[in-house]
Amino acid sequence: MTIEEVSPITQDAGGPRPDIDLETLVRTLANQAIAAEQQSTELAERVALLESQCGGAASTLETNESTRPNLRANFQRQSARVSFVQRKEELIRNTSTQNEESIRNTSTRSIQKVELINNQLKNFVGVNGNEAEEALADRILLIENQLEFYDQEKSILVDEKNYSLPESTFSLLITHHPLSMPFGFSIFTVALSITCLSLTLVSSISNGTKANPLGIPAGVDGTVRAAQFIGAIVGVLMEDEIPQGLQLIANGAGYTLLLNGKTPVHKRVIISSIFRLVVGYLFLSSLVINIAQNSDVIQIFYDLLALEFVENIDDISYALAKRGFFGRSMLIATNESYNLEVQPSPHREMRRASTASINERRLTFSGLIASNNRVNHIVRSVYFLNATILLVGLSILTVSQKNGLYRCNAINVLFDEEIWEHAYVRLPDDSIEERLLIYSYFNGIYQEEGYHDGYPRYIEQNKNDGTKFGSSVRGAEIIYCDEIGSWVFMHPEILTSPYGEEENECGWLWRSHETKDYDLLSTTDGGWEAWTGEVKPLAFVSISCTECSERSDCNYHGHCGEDKKCTCYESHFGDSCEFELPCQSLATEKALAMDPDKGTYQWNQENPIRATKHRVYNRPLYVQEGLSGEPFDMRMHKIMGKATSSSPSSQPSSFPSNLNGDNILDHYNEPPPANIAYQPDGISPIAAPDPVHSQNEYSTAPDFADWDDFFESPSLHDGLEEMMEDYRVVISYSGSRFYGTIVGSNATLNDVFHRDYHAFWSESFDVDRTFIISDTAFTSSPVGIDFFEMRRRSNSMLNPNVHFSYGPFGALIPLMNYEGTGFFHCLDETQQPSSSPPSSTVPTFSLLPTQMSSGKSSLSTQPTTSESPTERDVIGGKV
């Protein structure tokens, strides 16, 4: 219950006064006790108001004589006023010396008035005297509690209209004339900060690509993620320009800003604040991008400190100027004190003098944004919105990295042709088998599927259309092995020890250098290690992204779709449209024949070698059908015969003629003698045990590899003799080489090269069926590639006491004398074959009869242009 409810307020001669309760009055007295000299008059007026209210209360209480004994008994509570008087004296001692005497006099009068009230209350009684006394005591206790809170805020509320400008060159934009040196110095430092932060921002953005404009890493671990969020929070807290600018703008909203209480500087304050906001937001933009781009904890905080240093150029410059480093005028400008006074605008209505309104006004006039007016609410919201945006942005970044947005999800892997001849393979029945492992068999597309040790896992796709393997084949994997801190290539069914008792970490077959990078493509910068029964260092592997983002990723032979895959034009095919449509018909050197009408030689392939619609490892299959006996046009053919011969020899030859005109092969057209070979029972051929080499002809003796252990000894290969009666030759790609393999005529391509065909699991290299192989190549067809026959690979014919190290392919004998001439050529139905692209201009080789009779050849210098066929079938049905 308030005093107003007990007693009506009387009117003095000056007219009616506003309705103010006792609590408001005493609180106002307490506030005015520490105010400046000019507010003492208002305090005296409010004390007079207190006297009039007490007089009204006395007249009411006199009509209630029956309550006098109760008031005397409870009046001891007024002893609390002693504490109130002591509090006032303490406030007087702590007040500034400038207003000490005036405030003391005013407080003394206030105390006297309060004591007068107490004396009057001792003689007053009324109907509700007991309740009034209790209410008054409670209010006095409340006032004392509020005075304690006031002590804590006294330092803030003493100077209510003036606050000093921050010590920054931005303040010089407010305090000095635009043509003065301090103003120019301020412009220079502001421009320097903006330039440095802008360069940092541009440099950060330029690290990206079109697919990843900001250069965000593929992923980061948990410690880096935590450092990113903490760094963002610390950066917002350390950044001072934005809150300072927002505070100055809030002070200028609806108020008049005076420099030292004289000069209006409202526009200058706004302009200075805008510059502060520009610097602040450049800082936050650079900070969030650098944090997002980093995958190292220390680097994140280094960047934070570096950016903070650049932003504080204005403060550092001001401090140096204040010490006299930039001359006398700057020394004076920076050491002079400047205050900014906030005054209400003339059109603003003054609120009633309540405690809340007075405090709000004091906070506003003190240059603080703690008050609860609308502008300050907006300013605080903007400040916290900055931190919210940074944290939400990092959260979105985390989810995007988790979903693989910043890394390639489909890659093309090309392993070097490293060979492990005795790899341990676990079969479906859990038995172990040794196989020839050529790692290039696992070349092809790998698709991201799931995670391993927190890193993405890539699974090998089938070699037909680049989709998942069926149930019959399990693809290899490229995963991150946290145990050794490396990316590894592995297959669950290929073991590095016979029964897995001594397995490599994570079963690795290839491993990268140690790294924490989530981007698999970055590992190609350093060498990998391959397992070939032992660790082989510096093995080469190429890993590239098959996803596209622009036409150049499709080699300008197609366009990039929304699924990040290339759609190729009709003239090209491949994952990146990198291949021209393959040749539909091939011809070998054996197809060279003379045209009697024109007197020149041309290629005429009697048994066509044609492309099929089947495709493996993204290359077409070529088939030559209807063969029996030796495939003459795919055997070793060299344009060299005896010295007396005028035409190419149909027999293999690897040696030049001797001085007597005899070819050395005339002495060695039989298998090697038995004295250097181990002859099991029932194995042919059997040669006479004559010495191969004699001392006088040792340097010209034939090589053991000159004996063909395939077609000339078919009994050494299981079932080869029977198959050679009716067969076909298939030329297929196996990841790094083209193989020429004999296949039975009754076998269909769908059976041999099914959808889940894999060169390793299907054992594409068959020592009993594969008779020619190409050089390593990554072209779309075998055109223009050197081919070889394989010798010395039949271990059953070799002496077990003699060890040869020829590898799984044996000794490779080139089919042509000259390296780089190729063996297969593209055969146009109307044009001569060429090993070069159809539109290229190259010299053609023609043999004229007159030149042939003299044993010479001529190289025509007239260019010929091979035209592409007008129509070609699309291999595989779709490109």
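The values are calculated or read from the model by the stated rules, or taken from the named source; none is laboratory data. It should be emphasised that the depicted structure is a prediction, and the values quoted were computed from it without experimental measurement. Here Cβ is always computed from backbone atoms with ideal geometry, including for glycine, and neighbour counts include all displayed protein chains. When the accessible area is computed, the model is the full protein with side chains, heavy atoms only, and any ligands, DNA or RNA have been set aside. Shrake-Rupley method; radii C 1.70, N 1.55, O 1.52, S 1.80 Å.
Overall, the accessible surface of the stretch 746-796 at a probe of 1.4 angstrom is composed of carbon and sulfur to the extent of 46 percent. When you filter the trypsin sites (Lys or Arg not before Pro) in the stretch 158-258 for DSSP loop state and at most 16 other Cβ atoms inside 10 Å of their Cβ, you are left with LYS210.
Treating r as the C-beta distance of SER198 and HIS559 and R0 as 35 Å, the FRET efficiency rounds to 0.45.
Using a simple spin-label model with pseudo-atoms 7 Å out from Cα toward Cβ, ASP766 and THR612 lie 1.3 nm apart. Centre-to-centre separation between the Cα atoms of the stretch 715-782 and those of the stretch 601-625: 13 Å. Computed over protein heavy atoms with a 1.4 Å probe, the accessible surface of the stretch 249-352 works out to 52 Å² per residue. Less than 5 angstrom separates the built amide H of MET816 from those of PHE787, all sequence-distant by 5 or more or on a different chain. Taking 7 Å steps out from each Cα toward its Cβ at LYS402 and GLU421 produces label points 5.1 nm apart. Here the stretch 476-573 exposes an accessible surface that is 46 percent carbon and sulfur, computed with a 1.4 Å probe and the other protein chains kept in place. With θ taken as phi - 60° and the Karplus curve 6.51 cos²θ - 1.76 cosθ + 1.60 applied, the whole-hertz 3J(HN,Hα) list for the stretch 725-737 is 6, 7, 7, 9, 10, 10, 9, 10, 9, 10, x, 8, 9 Hz, x standing for glycine and proline.
Per-residue SASA remark: LYS402, around 120 Å² accessible (1.4 Å probe; ligands, DNA and RNA not included). Backbone phi angles across the stretch 212-222, fed through the Karplus curve with coefficients 6.51, -1.76 and 1.60 (θ = phi - 60°), yield HN-Hα couplings of 9, x, 8, x, 6, x, 5, x, 9, 7, x Hz in residue order; Gly and Pro are listed as x. On a per residue basis, the stretch 376-461 carries 44 Å² of accessible surface, using protein heavy atoms and a 1.4 Å probe. Roughly how many percent of the accessible protein surface of the stretch 228-326 is carbon and sulfur, given a 1.4 Å probe and a whole-percent answer? Solvent-exposed carbon and sulfur of the stretch 228-326 make up 68 percent of the total. The amide H of MET594, built 1.01 Å from its N in the peptide plane, has GLN602 as neighbours under 5 Å, considering only residues 5 or more places off or on other chains. Look at the dipole of the stretch 490-546 built from charges on Cβ: of HIS491, TRP528, ILE543, the Cα furthest out on the positive end belongs to ILE543.
For the set LYS468/LYS565; LYS463/LYS613; LYS267/LYS322, the pairs lying more than 18 angstrom apart at their alpha carbons are LYS267/LYS322.
Counting only Cβ charges, +1 for Lys and Arg and -1 for Asp and Glu, the dipole size of the stretch 374-452 around its Cα centre is about 1300 debye. Probing with 1.4 Å while keeping every protein chain in the model, the per residue accessible area of the stretch 491-567 equals 53 Å².
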